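*Asks:* Just dropping this structure here.
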Amino acid sequence: MIIFSSTIGSISQYESSLVISTYLLQTFILFTDLIAFSVVFCMAVGNRNEWLDSLPPMLVNEDRFERFLGPFWMYLSAISLHITVAANMCFLQSVNQYITVLRRHPIQSTH
């Protein structure tokens, strides 16, 4: 949805479509970083709190993740989420620069 909105906004040079996709991407970035923070928080406090220690098995199949990623699967998943956020922020910077260019130099219609 975000990529589609950005593509349509870039091709047709509609600033509103680009702004909407930027807001959606920022929302997903915030949500993903909150998930990564929650995973790190569960790792840090999980051993001290019985409820937090029992939370990961309720959400995911720990055995499957541990077989696939090893004993540090929670660390790897938090790092992966954070790297995804960083990549999306790079994409967001280019879109914001394109919006700035559109605002400074609007393309005149030939009709």
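Nothing in this text is a laboratory measurement; each read-out follows from the coordinates by a stated rule. Bear in mind that the values here come from a model prediction, so they are computed numbers and not experimental data. Note that we place each Cβ from the backbone using ideal geometry, even for glycine, and neighbour counts take in every protein chain shown.
*Asks:* With the crude spin-label approximation of a point 7 Å out along Cα→Cβ, what separation in nm comes out for residue 55 versus residue 27?
*Replies:* In this crude spin-label approximation the distance works out to 2.4 nm.
*Asks:* May I ask you to derive the FRET efficiency for residue 34 and residue 100 from their Cβ-Cβ distance with R0 = 22 Å, giving the value to the nearest 0.05?
*Replies:* The pair residue 34/residue 100 has a calculated efficiency of 0.20.
*Asks:* Could you work out the relative contact order of segment 32-111, using alpha carbon pairs under 8 angstrom and six or more residues apart, expressed as a whole percent?
*Replies:* Relative contact order of segment 32-111: 37 percent.
*Asks:* Roughly how large, in nm² to one decimal, is the mean projection of the convex hull of the alpha-carbon atoms in segment 41-90?
*Replies:* 3.9 nm²
*Asks:* What shape does segment 18-60 take by its C-alpha gyration tensor, where a ≥ b ≥ c are the square roots of the eigenvalues and a/c under 1.5 counts as rounded, a/b above b/c as prolate, and the rest as oblate?
*Replies:* Note, shape of segment 18-60 comes out prolate.
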